[in-house]
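Accompanying notes for the structure given below.
Readers should treat all values here as calculations from the given coordinates under stated rules, not as data from a laboratory. Predicted model only: the values in this text are computed from it and were never measured. Virtual Cβ from ideal backbone geometry, glycine too; neighbours counted across all protein chains shown.
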Amino acid sequence: MKLIIISGFLGSGKTTLLLGLVRRLTSGNGCDFVILENEVGEIGIDGVFLEKQGLQVKELYSGCVCCQLAGDLVVTLREIKDVLDPDGVILEASGLAKVESILDTLDRYYGELEGTMVISLADLERFELYQEEPMPFVINQIRYADLVVLNKTDSGDGELTATMAAKLAELNPDAEVIGVSALEGSNLDLVAERLGTWMRTTS
Amino acid sequence: MDAHDFVTFSARRKLAPLTAGSPRDLLLSFLTDYVKALGTSGCSIIGHIKGIVEDGESPPLFFSATSLSGEPQLKGGPLGQGSDLALTITVIVSGVDTEQLSRLLDDCLAGYFLCTLHGG
């Protein structure tokens, strides 16, 4: 069982991206996925939305999997492996999550994964979050990503997109940066192709 | 500013529209008012305001707002006119405490709905 972590600041489009990707991965690669939805709110919202789209969803809410719910994350991953054993789990982390802490928890307490891939979203509509004095957890999300997705490219011009992509590349020189509009579906095929390749070649 | 500077507030309310207008329009008006009220109450960043409105029969309406200046986004529905509605909302912001978030929520809802606490 492989784990794909989708991280990104609040409202950056993680749920929309997840939905677009899982549809492509399921139909294009024949993979089956369980979605693990983490929200800091006391009531799950995104899980309801994804279930209405026909996806198999487990929810971890009222805290963040990078800290308060770290233990619940490990227990839930074990349960998913034991009961459902899917090809992959897609974890949508809360928008406040520090990715480094999630990876540290998995390293220490759940070594049975065949691989972990982190996709972090940056939000072009809120480019100012990444300039001057960016929030440490937002920078951490980008720094620990294997793939950075610059979302909402439909909302800005080419110059802003290029400036933001350059900033993201500076924060994480090892990760590919792909611009998308998750809402419109543009460039999601490319992200899905990267994920599909990773799913097939990682063991 | 870091993650611990954000405040999270979740609530459920039962809503009865005060006018015969489309529930979708009423909801959009409420959300616009709520975002405005947050801005004038010291909110510096809207992380995410998101929620679901259900009437028990139609597909649910999902909403989302991520800025003090942009228009809230709605998808799903349409909700039936004249029905009681169940609202579930989560607000993640900085600069406003949970008491203010709750009070502002009820104040803004009161402009468009008769509002009662909703368990579950």
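Observations
- Solution diffusion estimate, µm²/s, Stokes-Einstein, the range B:3-115, Kirkwood Rh from C-alpha pairs, 37 °C, viscosity 0.692 mPa s: 235 µm²/s
- Using alpha carbons only, the radius of gyration of the range A:2-201 set against its Kirkwood radius gives Rg/Rh = 0.94.
- Alpha carbon centroid spacing (whole Å) that separates the range B:85-112 from the range A:148-163: 32 Å
- Farthest toward positive dipole pole in the protein assembly as shown [+1 Lys/Arg, -1 Asp/Glu at C-beta], among A:Gly44, B:Ala110, A:Ile119: B:Ala110
- The overall shape of the range A:1-113 is oblate: from the C-alpha gyration tensor, with semi-axes ordered a ≥ b ≥ c, the ratio a/c is 1.5 or greater and a/b is no larger than b/c.
- Net charge dipole size for the protein assembly as shown [Lys, Arg +1 and Asp, Glu -1 on Cβ; Debye, nearest 20]: 420 debye
- For the range A:1-88, averaging the sequence separation of C-alpha pairs within contact (under 8 Å, six or more residues apart) and dividing by the residue count gives a relative contact order of 32 percent.
- The range A:62-99 and the range A:14-54 have Cα centres lying 13 Å from one another.
- Farthest positive-ward along the protein assembly as shown dipole, Cα basis, beta-carbon charges - from B:Ser22, B:Val35, A:Met164: B:Ser22
- Each Cα pair under 8 Å and six or more residues apart adds its separation to the average, and for chain A the resulting relative contact order is 27 percent.
- Top positive-direction residue, dipole computed over chain B with Cβ charges, set B:Leu79, B:Thr66, B:Thr8: B:Leu79
- In the protein assembly as shown, helical runs assigned H by DSSP with n ≥ 4 each contribute -39500 (n - 2.57); averaged across all residues and rounded to the nearest 500, the mean residue ellipticity at 222 nm is -11000 deg cm²/dmol.
- Prolate/oblate/rounded call for the range A:90-203, Cα gyration tensor, a/c under 1.5 rounded: oblate
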